[in-house]
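**Q** First the structure, then my questions, so here it is.
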Amino acid sequence: MPAGHGRQLGAWRLFYLSNMPPVTETGILFIAKLFVIDIVAWIFPLMLIAILAKPLSYDGELAAIIVSSNWLSVPIFYAMAVPAAIRLVVPESDGLTGLLSLLFLITVFAVIFRLMKTITNNQVLLASALTLMFILPSFMIGERLQTYFGLMPG
């Protein structure tokens with residue numbers, strides 16, 4: 001798990017507490033649920049990409065895709081922690097942090113696409129499919145599991 005992940009857990013815990021009833025607990029069970037969500041949201045896209053490697057004929061690039069995407073996750077976690085840190089320090093900065101998060105997210109999509117395009121020798125369609133396989137399942141599974149575990153505030 002990347003080093004910036006701890007800051008995200010802290011920010012999510014504070015956000016969670018600020019939107020839930022005062023009696024809400026965030027002990028070890030809360031951390032365990034977040035851990036399960038992160039592991040599943042991280043592993044599932046990689047499994048999907050590995051399963052589809054042979055049928056979509058990118059099995060020769062599979063190792064490069066997995067290794068480079070894992071290394072790329074480190075600066076991504078640090079970048080995405082910036083808006084969360086600003087939100088913690090300046091509570092009334094929702095507009096600014098929302099805009100920063102959106103800009104970082106667009107940048108992340110572009111960087112992942114560029115990486116996949118480079119690995120796949122400029123095959124735009126394959127790079128697009130791989131980019132979507134990295135991004136969409138993580139979002140969908142993460143949100144679904146947060147709701148299932150009762151971690152969605154509001």
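The values are calculated or read from the model by the stated rules, or taken from the named source; none is laboratory data. Just so we're clear, the structure is a prediction, and the values are computed from it rather than from any experiment. Glycine gets a Cβ as well: all are built from the backbone with ideal geometry, and neighbour counts include every protein chain shown. Note: areas computed on protein heavy atoms with side chains; ligands, DNA, RNA excluded. Shrake-Rupley method; radii C 1.70, N 1.55, O 1.52, S 1.80 Å.
**Q** Among the residues that make up the range 129-152, is at least one of them open to solvent by 40 Å² or more (accessible area, probe 1.4 Å), touching an Asp or Glu at 6+ places or on another chain (Cβ under 9 Å) and without any contact (Cβ under 8 Å) to a residue 60 or more places away in the chain?
**A** yes
**Q** Can residue 144 be described as basic (Lys, Arg) and over 24 Å from residue 31 (Cβ atoms)?
**A** no
**Q** I want to confirm something. Restricting to the range 49-70 and keeping residues that are hydrophobic (A, V, I, L, M, F, W, C) and open to solvent by less than 40 Å² (accessible area, probe 1.4 Å), which single residue is nearest to residue 132 (Cα to Cα)?
**A** Taking the candidates together, the pick is 49.
**Q** Restricting to the range 106-141, name every residue that is of a type in the set (S, T, N, Q), at pLDDT 90 or above and either in a helix (DSSP H, G or I) or under 26 Å from residue 31 (Cβ atoms) (or both).
**A** If the condition is that a residue be of a type in the set (S, T, N, Q), at pLDDT 90 or above and either in a helix (DSSP H, G or I) or under 26 Å from residue 31 (Cβ atoms) (or both), then 107, 118, 128, 131 are the ones that fit.
**Q** Can residue 73 be described as among the hydroxyl-bearing types (Ser, Thr, Tyr) and closer than 17 Å to residue 131 by Cα?
**A** Considered against the rule, which asks whether it is among the hydroxyl-bearing types (Ser, Thr, Tyr) and closer than 17 Å to residue 131 by Cα, residue 73 comes out as yes.
**Q** Listed residues 35, 30; which is open to solvent by 50 Å² or more (accessible area, probe 1.4 Å) and within 15 Å of residue 148 (Cβ to Cβ)?
**A** 35
**Q** If you take the residues in the range 74-116 that are open to solvent by 50 Å² or more (accessible area, probe 1.4 Å) and within 21 Å of residue 52 (Cβ to Cβ), which one is farthest from the chain's Cα centre (by Cα)?
**A** 114
**Q** Right, something else. For residues that are aromatic (Phe, Trp, Tyr) and at pLDDT below 90, tally how many sit in the range 41-70.
**A** Within the range 41-70, residues that are aromatic (Phe, Trp, Tyr) and at pLDDT below 90 number 1.
**Q** Go through the range 77-110 and count every residue that is within 29 Å of residue 46 (Cα to Cα), in contact (Cβ under 8 Å) with a residue 60 or more places away in the chain and in contact with a Phe, Trp or Tyr (Cβ under 9 Å, 6 or more places away or on another chain).
**A** Adding up the residues that qualify gives 2.
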